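Here is the structure we will look at.
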Amino acid sequence: MWRFLLFVVMSLSTVALCGQSLSRAEGLFNRGDYDSAYIEYSKLLEAKPKDALLQYKAARTLFESGRYDEALPYFAFAAEKKVYSAYRYLGETCFRLYRFGDAQDAYRTYIGKRGEKMDSAEVAAVEAAIAKAKLGASMLNRVEDIAIIDSARVGKREFLSAYGLDRDFGSIRYTREIFPGEKSADAVAFVSGREDRMVFSSMEDSVLNLKISYQLIDGWSRPGSFAPELTTGDDENYPFVLPDGVTVYFASKGFNSLGGYDIFMSRYNSATDGYTLPQNIGMPFNSPANDYMMVIDEQNRIGWFATDRGQKEDSVVVYCFVPNVVRTLLQTTDTAYLRDAARLKAYRKADTPVGYADRTKGERQSTAGHADSDIEAFVINDDVAYYGVEDFVSDAAGKLFASMRAKERELDDVQRALDDKRCEYMHVGKDDAARTAREIIALEAEINGLQLEIKALANEVRSVELEALTVAGKQQ
């Protein structure tokens, strides 16, 4: 009898502890501390690895953190176990990972499962998401083949410092610097090389619109609408006009935008005294994130554009590239490579032009040499963060860090394999379902093992490096 009572007491204690941990995880999630929430959900999943609701909640923390590759298998598992809300997030996750066909399937399954429980607004939102996924699939078939000269991670409020446009071809400035009363801190102005006209963005009725102003003897003229053909009612910003005075690049959240801002191009048509229908310039320039501020120096064959894909809220990456004289599409049958090229996780590296370093100004964190623009800093403590082995004081810590990064790449490969298997499982027949399920379980176990190894290595890296930093500090 006493053994039974002990078992009951222990069981109740375990339930109470799990309840406390779940409450803590949900509290962290609601406060926006997604990384800490994921750690709590991971602890709960160690005890209940097949709990579909926990899988779904863990996936939500990863999704909100932008860790889409990691979130995908959790959402897929939860969806298979009839947590139907997971299908919508599965669609959004696949969309962010450029798996546009899988995104459409997940969205449609969500509509099929939810059926009459969806109100008209939700139906419209999901149908709009399907339309964007179709657009993404179309764009993925026409990825431009470009060569990257350099890339720089910079603060969002100072990102123009990473551009090196020759002043003879114009200048890009923040509108607030020219018009102190400008309501938007993000509005940008392009001033022509002759400084006789300015195309700029300005806040009007809570929306950014493109305006034009001309240089007069006593200052700039009263602003007028730049072009009604380039106005959607959504934000239009970041204009740049080529020296021909005809071709304009700008960013818009309207038209045929895949993400928030997409980059568009239009040309002035003298026959109609208006601008042509704006064309989305496609991938890899545009993405499901915000992409903007296309600037091209045709004479020196250098171009720049900015993107916040894979970045934290206060930073962007500015890419410097070699503009193609004729648009050249990437030719490959390797779907994985095509996705990576579209995401700028893989690209051709161009030679650095002579005098390039003198063309850019301002302090910036270079990401040149990294094929993955989503590279994250490795935090040692609140004051120290590293990006590569060369940053470490301790050789031993550097070697451990290299081992950890190798394990992370291995984990990424296994996660991709698991993603493929989960997507395969959604379409296989009954005869192959059991085999695919066993393969999924094996990959899940391998992922869990790698995650534990990576956590242990990360802790050891920090410990060894902090010890070395302490010693170095005492020696100074």
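The values are calculated or read from the model by the stated rules, or taken from the named source; none is laboratory data. This structure is a prediction, so every number in the text was calculated from the model and none was measured. Positions of Cβ are generated from backbone atoms using ideal geometry, with glycine treated the same way; all protein chains shown enter the neighbour counts. Ligands, DNA and RNA are excluded from the accessible area calculation, which covers all protein heavy atoms including side chains. Shrake-Rupley method; radii C 1.70, N 1.55, O 1.52, S 1.80 Å.
Here is how the numbers come out for the structure above:
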quantity: Residue ID - modelled with the lowest pLDDT, chosen from residues in region 398-432 that are among the small types (Gly, Ala, Ser), in a helix (DSSP H, G or I) and surrounded by fewer than 19 Cβ atoms within 10 Å (Cβ to Cβ); calculated: Ala417
quantity: Hits in region 231-243 - residues which are under 16 Å from Met198 (Cα atoms) and in contact with a strand residue (DSSP E or B) (Cβ under 6 Å, 6 or more places away or on another chain); calculated: Glu236, Asn237, Tyr238, Pro239, Phe240, Val241
quantity: Positions within region 392-411 being under 25 Å from the mean Cα position of the chain (by Cα) and not aromatic (Phe, Trp, Tyr), in sequence order; calculated: Ala402, Met404, Arg405, Ala406, Lys407, Glu408, Arg409, Glu410, Leu411
quantity: Output for region 312-334, where each listed residue is charged (D, E, K, R) and at pLDDT 90 or above; calculated: Arg327
quantity: Checklist (1) without any contact (Cβ under 8 Å) to a residue 40 or more places away in the chain; (2) crowded, with 20+ Cβ neighbours inside 10 Å applied to Tyr337, failing item; calculated: (2)
quantity: Scope region 215-241; condition surrounded by 12 or more Cβ atoms within 10 Å (Cβ to Cβ) and part of a strand (DSSP E or B); matching residues; calculated: Gln215, Trp220, Ser225, Glu236, Asn237, Tyr238, Pro239, Phe240, Val241
quantity: Subset of region 252-286 (residues that are open to solvent by 60 Å² or more (accessible area, probe 1.4 Å), free of Cβ contacts under 8 Å to residues at least 40 places away in the same chain and not aromatic (Phe, Trp, Tyr)); calculated: Lys253, Arg267, Ser270, Ala271, Thr272, Asp273, Gln279
quantity: From the options Arg301, Arg309, residue that is under 19 Å from Ser151 (Cβ atoms), of a type outside the set (Val, Ile, Thr) and either under 21 Å from the mean Cα position of the chain (by Cα) or modelled with pLDDT under 90 (or both); calculated: Arg309
quantity: Filter pass, Val191 being in contact (Cβ under 8 Å) with a residue 24 or more places away in the chain and open to solvent by less than 30 Å² (accessible area, probe 1.4 Å); calculated: no
quantity: Matching option when the condition is free of Cβ contacts under 8 Å to residues at least 24 places away in the same chain, surrounded by 14 or more Cβ atoms within 10 Å (Cβ to Cβ) and aliphatic (A, V, I, L, M), among Ile212, Ile148, Ile130; calculated: Ile212
quantity: Selection within region 242-251 - open to solvent by 10 Å² or more (accessible area, probe 1.4 Å) and within 16 Å of Leu160 (Cβ to Cβ); calculated: Tyr249
quantity: Of all residues in region 162-171 being open to solvent by less than 30 Å² (accessible area, probe 1.4 Å) and touching a residue at least 40 places away in the same chain (Cβ under 8 Å), the one that is nearest to the chain's Cα centre (by Cα); calculated: Ala162
quantity: Residue within region 291-301 that is of a type in the set (Ser, Thr, Tyr), open to solvent by less than 10 Å² (accessible area, probe 1.4 Å), under 19 Å from Pro239 (Cβ atoms) and in contact (Cβ under 8 Å) with a residue 24 or more places away in the chain present; calculated: yes
